[in-house]
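The values are calculated or read from the model by the stated rules, or taken from the named source; none is laboratory data. The model shown is predicted, which means the values in this text are computed figures rather than measured ones. Don't worry about glycine lacking a Cβ; one is built from the backbone with ideal geometry, like all the others, and counts go over all protein chains shown.
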Amino acid sequence: MTYLIDAWLDRPQPYLRILDRQTGAVCIALDEEALGELRDQGDLDVSQLSTSEPAVLKEQVRSLFLFCYARELRP
């Protein structure tokens, strides 16, 4: 499965989405609050999102998936 990162971080209401490249289905959607939490934890590096290195992008997408799953499991 391949993914597409759709990120608008320099807007008044920033967001980041991970889309399935083949279907266009949204796999992850992060709003301003979630992005702030990621930045505070040091888990979101904007420069990594604009790199063309596959290994770096793969790790960033993996971290985003794990963050979303952990966030859903919170009470």
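Before moving on, here are some points about what is shown:
- Qualifying positions in region 29-70 - outside any loop (DSSP other than H, G, I, E, B), under 20 Å from D10 (Cβ atoms) and of a type in the set (G, A, S): A29, A34, G36, S47
- Test for S47: is it surrounded by fewer than 10 Cβ atoms within 10 Å (Cβ to Cβ) and not hydrophobic (A, V, I, L, M, F, W, C): yes
- Scanning region 1-37 for residues that are over 14 Å from L64 (Cα atoms), basic (K, R) and in contact with a Leu (Cβ under 9 Å, 6 or more places away or on another chain) yields a single hit, R21.
- Test: residue in region 23-43 that is exposed (fewer than 13 other Cβ atoms within 10 Å of the Cβ), at positive phi, modelled with pLDDT of 90 or more and not basic (K, R): yes
Yes or no, residue by residue, for (1) touching a residue at least 12 places away in the same chain (Cβ under 8 Å); (2) aliphatic (A, V, I, L, M):
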site: M1; (1), (2): yes, yes
site: L4; (1), (2): yes, yes
site: A7; (1), (2): yes, yes
site: R11; (1), (2): no, no
site: L19; (1), (2): yes, yes
site: Q22; (1), (2): yes, no
site: G42; (1), (2): no, no
site: D45; (1), (2): yes, no
